[in-house]
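The structure appears below as structure tokens.
Read-outs: derived from the displayed coordinates by stated rules, not from any lab. This structure is a prediction, so every number in the text was calculated from the model and none was measured. Heads up, the Cβs are rebuilt from the backbone with ideal geometry, glycines too, and the neighbour counts pull from every protein chain shown.
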Amino acid sequence: MYHAEVPLSMVFTMRIKLIVVSVLLVSCSEMTMPKLPSFTTHKMEINQGNMVTPEMRHKLKLGMTRSQVQSIFGTPLVNDAFHTSRWDYVYRLEKQGKLLEKQRMTLYFEGERLTRIDDGNMPALPAVVVPVSAEPVDKN
């Protein structure tokens, strides 16, 4: 095979051109250019558990039977076979992998009756306003 000899000056100018083009391309990467779409994992909105609304909490009263509680709140998310007197209602809302809301309510029963409510990390219930009469009460 025959190889043509390339003059040294031509090789030198090609190297210079290649270096200049490379430097220009690298310097362009610092400019703000529209980004290409990136591939990320799809993160769904995850709604898990039993959401307890303030209206539901207002309906809940000590002394209610298990079936009355279940008709208001539904089946508890956690129903432990070792603690049959305890029902846990847990709710979590995640959007794009970030926890937005978390609720936990634990109900305790003695027999069939509700005896204790633990809703420690749930938002406070709004105060109930009792109307007061402006007329003085006659004590006679």
- Task: Measure off 7 Å from each Cα along the Cα-to-Cβ vector at LEU8 and LEU93, then give the distance between these two points in nanometres to one decimal.
- Result: 7.7
- Task: Apply 1/(1 + (r/R0)^6) to the Cβ-Cβ distance of ARG113 and MET51, taking R0 = 30 Å, and write down the FRET efficiency to the nearest 0.05.
- Result: 0.75
- Message: From the phi angles alone, apply the Karplus equation (6.51, -1.76, 1.60; θ = phi - 60°) to segment 76-87 and give each ³J(HN,Hα) in whole Hz, x where the residue is Gly or Pro.
- Response: x, 5, 10, 10, 6, 5, 8, 10, 5, 8, 10, 10
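What fraction, in whole percent, of alpha-carbon pairs in segment 46-118 exceed 20 Å separation?
The calculated P(r) of segment 46-118 puts 29 percent of pairs beyond 20 Å.
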